[in-house]
Amino acid sequence: MKKTLAILLAMTMAFSAVALVVAADFDVTLDGTKYTVIQPESIEFVPMVKDEANGVSNVPQGGCTLDALIDGDVVRGATAFGTKGIVLIKNEYIGANAVTGSVAAEQDPELVPDFAFSLDLGSVKEFDTAYFMVYHQIQACIAIPADKKVIVEVSEDGNVWVPVGIDGEFYMNVDVDDYDQDAPEDAETVECAVYLGEEVSARYVRYTFTFMPVPEAGYWEYYTNIHEWIGFTEVGVALWTDGEEPEVLDPNLANTEPTKVEGSWIGDDGVEVKIMNFVNNAGVKTVDVTVYESEAYLENGIEAPVTEEYTATYSVVGNRVTITYEDGSIDKMSATIDEDGDLTLGTGINAVVYSPYEAPAPVEMSGVWFAEVDGAIMVVDFSTANVMKMITYEAGDFEANGTEGTALLTLEYAYTAGPSYIDVDMDGTISRLTVSYEGETLILDDGEVPMNLAPYVPKEPEVSQPEDESSEPEDETSEEGDTSTEASAPATSIPATSTDAPVEDDGDSTLVIVIVAVAAVVVIAVVVVFIVKKKK
């Protein structure tokens, strides 16, 4: 599958090209810091060949061209590498070896190629940040640059290049790890602003990247780890304009495997209990937070009053998580997971330990229940999933006919179930009913008047008694075989042992006799009363 993917992509690849486009600058906010992204007027792809046997090329996707990287049309949330606006860069050296089936050990890491983007800003501009939007899909062999590193250089004429800082080496603040064999299958677009630590004035800027080498031989059986491609959706320079000043990222931090905080966690700092649900949806990372007062939560669990709820965005670089709130404020803290699976956020006295959290399963509502309400019978039917049907009957009619009687009023409401309650949508108004049981009684409580419901069991249909067609057994003694005379004494004999089980009396005959006797007494009594009244 991966070989086929590589071949198909290789069939569409185009070699170095120059694109010219005019696009407006735009603003972005990353980790609580605002930047203005300056769009280049043109971009050139520069392959850097280290050996005649290797090469590198660019492959714009979805019918786009190289100018998709400087058009300001930022592709966020893409889940397929063929999306228009994504430009893939192909390592032909690794790709060729992958197609021929050679092993990782045969691929010389010294021959892994470099490539560069050369940007013309149109005139001398001031900037302090390198800006990228990278596309990452490890199961499709699309990785990030080796060591998350970029070499940043500037030039006066576009020919002679001078590194920014000491050696031009900077590191991308992206929280993906392409050496992770269990990397998530979801594709991601990851936005990053690489702070240079100083303001630079230049017209020409060049970014150089290196492909990841193929991992050790043991990984080769997994084609998802050959790191054959790198993807970009946007490239430019930027100037931070507001918020906390960014920091130059330490290479050790950049290359530390990101802490996997995805999932739900719960922690208690002694004052508040927080349930934090971290979600990574195609590179868009959000955290939903529910806050309870500690003592109330310990007494009631999630049934305790919620003191605060909010959603924020987050990012992880190495073992540091940054949470950005809706008001623009941010929290930056360390994030580590121990061998027991507990997540610790912060250090020292500010550290809070969070345990993996699994929300209680919603209650399951089923069956038919009833109760007497104001002289009528209310039937609550949960036979249909997520629907509560309420049917009212006249008490006598219900007593005689059950749910086969005539319904006076029928109402249906949709509901959603929580761990110990249901939220019923009553024509747009949501009413919460707490669900509990006492023995066989279902209790629905709206906080005012609880309703105690008994399980409804349909009446069994009446079955008429069959007539007793039994008759006295015929005398099996043959008259012709009877040789006895009236004068002769009855013969004395020992009854033979029978293997047949005795016939049990099922009580039907006795019941019939009793019924007949009672009926006769009733009839006689009625007649006597009638006669007495007549004489008077």
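Some notes on this structure:
- The length gained by stretching the chain between THR311 and THR29 to full extension, at 0.36 nm per residue less their Cα-Cα distance, is 99.9 nm.
- Label point of ASN452 set 7 angstrom out along Cα-Cβ; within region 394-418, no amide nitrogen lies under 14 Å from it.
- Size of electric dipole in region 368-455: Cβ of Lys, Arg +1 and of Asp, Glu -1, about Cα centre, debye, nearest 20: 260 debye
- Separation in nanometres of the label points that stand 7 Å from Cα toward Cβ, at ALA361 and GLU299: 3.0 nm
- Taking 0.36 nm per residue of separation and subtracting the current Cα-Cα distance, fully stretching the chain between GLU404 and GLU169 would add 76.5 nm.
- Length-normalised contact order of region 368-455 in % [C-alpha pairs under 8 Å, at least 6 apart]: 21 percent
- Dipole check for region 295-387: with +1 at the C-beta of Lys and Arg, -1 at the C-beta of Asp and Glu, and the Cα centre as origin, the magnitude is about 440 Debye.
- Packing, as the average of other Cβ atoms within 10 Å across residues, places the peptides 443-449, 389-395 in the order 389-395, 443-449, highest first.
- Here the spin labels are modelled as points 7 Å beyond Cα on the Cα-Cβ line, and at ASN252 and LYS332 they lie 1.7 nm apart.
- In this rough spin-label picture, where each label sits 7 Å from Cα along the Cβ direction, the ALA80-MET390 distance is 4.8 nm.
No value in this document is a laboratory result; all are computed from the given coordinates. Note that the structure is predicted; figures quoted are calculated from it, not measured. Heads up, the Cβs are rebuilt from the backbone with ideal geometry, glycines too, and the neighbour counts pull from every protein chain shown.
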